[in-house]
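I have placed the structure first, in the form of structure tokens, so that the comments after it can refer back to it.
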Amino acid sequence: MEETPKPIPPTATDPPEPDADLPRAASVLESLLLVSTEPIPAEKARQLLGGLNRAQVREVLELLRAKYPADSSGILVEEVARGFQFRTNPANQEHVRRLFDVKPPRFSRAALETLAIIAYKQPLTRQEIEQIRGVDCAGSLKTLMDRRLVKVMGKKDVPGKPFLFGTSREFMETFSLGSLSELPSMRDIEDFLAASTGTPVAEGRPTMRPPAIPDSGIEQGGDELAASLAEAGPAGEEALVTEGMIPPDVTEAELSDAASKAAGEGSEPGNGD
């Protein structure tokens, strides 16, 4: 007797159901984004909206974006840290800042260089960071961890079990990144510098993208931190104001130098752990 094939259950990639009330779902998502203090992941949004598939969630998101256009709305719906979030329009940032009477976070040049290295080469150990920078990075690491931009991801499966560092969800929120793949490539940075200075970019340069974080070779855990980080003092370099992907006070020469260090070019061996 021939067996009757079982129906394939719907998946997240199925086309939208014709009877789905997408405007109602957009209203619900609007309320969820309003009360949430963190970006709502797409999968969680699907569950909260009654099991909509990804195509339907995408349509709901577009309905909300149409309601909050960037050219006239003070609120925007953005994809940040692999989720959805309400954010204020960047054009109004000065007025919002006056309301809370806060100043942009300040970081030393050393901290910015360390953060760039971690963002593009994570996960990596303190010793690997210092081999690229050529100087001790304990103070910079402590600053970045205090600001919750960098976190301990585990321990490397090598003798000594050194800590592995990587960027956090707060890092992606701070720099308005949906994922690490949205980080500018080295070619993008060179093109930006070339346009700013009028210097042509050399052909044949490799393009660097942040590598995928491997599952192997990492021992998860590491809640404790190295004592050297806790005891480290401030890096001591002149502070820079950071308000976006490229701080406005950073010169082209500084950016070029930081990009070269992030790529590991022209660096000297540094101190170990």
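From the set of residues in the range 136-160 that are charged (D, E, K, R) and not in a helix (DSSP H, G or I), which is surrounded by the fewest Cβ atoms within 10 Å (Cβ to Cβ)? This residue is Asp157. When Val28, Val35 are checked against the criterion of being surrounded by 13 or more Cβ atoms within 10 Å (Cβ to Cβ), of a type in the set (A, V, I, L, M) and either within 21 Å of Phe171 (Cα to Cα) or at pLDDT 90 or above (or both), Val28 stands alone in meeting it. Pick from the range 40-54 the residues that are over 20 Å from the mean Cα position of the chain (by Cα) and surrounded by 13 or more Cβ atoms within 10 Å (Cβ to Cβ): which of them is nearest to Met172 (Cα to Cα)? Within the range 40-54, the match that is nearest to Met172 (Cα to Cα) is Ala45. How many residues does the range 152-200 contain that are under 20 Å from Ser108 (Cβ atoms) and either touching a Lys or Arg at 6+ places or on another chain (Cβ under 9 Å) or assigned by TED's automatic domain parsing to the domain that holds Thr37 (or both)? Looking only at that region, the number is 6.
Taken together, the residues in the range 124-135 that are part of a loop (DSSP other than H, G, I, E, B) and either in contact with a helix residue (DSSP H, G or I) (Cβ under 6 Å, 6 or more places away or on another chain) or surrounded by 22 or more Cβ atoms within 10 Å (Cβ to Cβ) (or both) amount to 0.
The values are calculated or read from the model by the stated rules, or taken from the named source; none is laboratory data. These numbers come from a predicted model, not from an experiment. Don't worry about glycine lacking a Cβ; one is built from the backbone with ideal geometry, like all the others, and counts go over all protein chains shown.
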